[in-house]
Amino acid sequence: MTWLGTGLLTSTGEKWFHRRKMLTPTFHFRILNDFLEVFNEQADILVQKLDEHADGKVLNIFPEITLCVLDIICETAMGKKINAQGDGNSEYVKAVIRYASIRPKNIV
């Protein structure tokens, strides 16, 4: 997937290590406080979606969690709402999921 270039998700080894090291300060707890509104909004959507399945049957929540995390990352890191939880079949969501299945060793 050349559209992702060689960023943190696609690089490996030494290149990945240096890029990850540059991003570490971004995740300091004081900075994360600024994103609480987004976290809570997306978590509320996730809870509503999971509540629809609260029938006592076993449910694989991985796809729902994945879409929630994608919504959170896109809005907090890129400032873009993508509504992955509302439209899990969008071209962007499908491309990210397809990429993740091709290169799972780089997804951290």
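The values are calculated or read from the model by the stated rules, or taken from the named source; none is laboratory data. Everything numeric here is computed off the predicted structure, so don't read it as measured data. Using ideal geometry, Cβ is built from the backbone for each residue, glycine included, and neighbour counts are taken over all protein chains shown. For accessibility, only protein heavy atoms count, side chains too; no ligands or nucleic acids. Shrake-Rupley method; radii C 1.70, N 1.55, O 1.52, S 1.80 Å.
Structural remarks
- Scanning segment 42-72 for residues that are within 12 Å of the chain's Cα centre (by Cα) and aliphatic (A, V, I, L, M) turns up I65, L67, V69, L70, I72.
- Against the list (1) surrounded by 10 or more Cβ atoms within 10 Å (Cβ to Cβ); (2) of a type in the set (D, E, K, R); (3) over 13 Å from the mean Cα position of the chain (by Cα), the condition E75 fails is (3).
- As a summary of the residue check, I65 satisfies the conditions (1) in a helix (DSSP H, G or I); (2) of a type in the set (V, I, T); (3) more than 14 Å from Q85 (Cβ to Cβ) except for the one numbered (3).
- Residue satisfying condition, being open to solvent by 70 Å² or more (accessible area, probe 1.4 Å) and at pLDDT below 90, within set G56, G88: G56
- With respect to the conditions (1) open to solvent by 80 Å² or more (accessible area, probe 1.4 Å); (2) at pLDDT 95 or above; (3) assigned to a helix (DSSP H, G or I), N83 falls short on a single one, namely (3).
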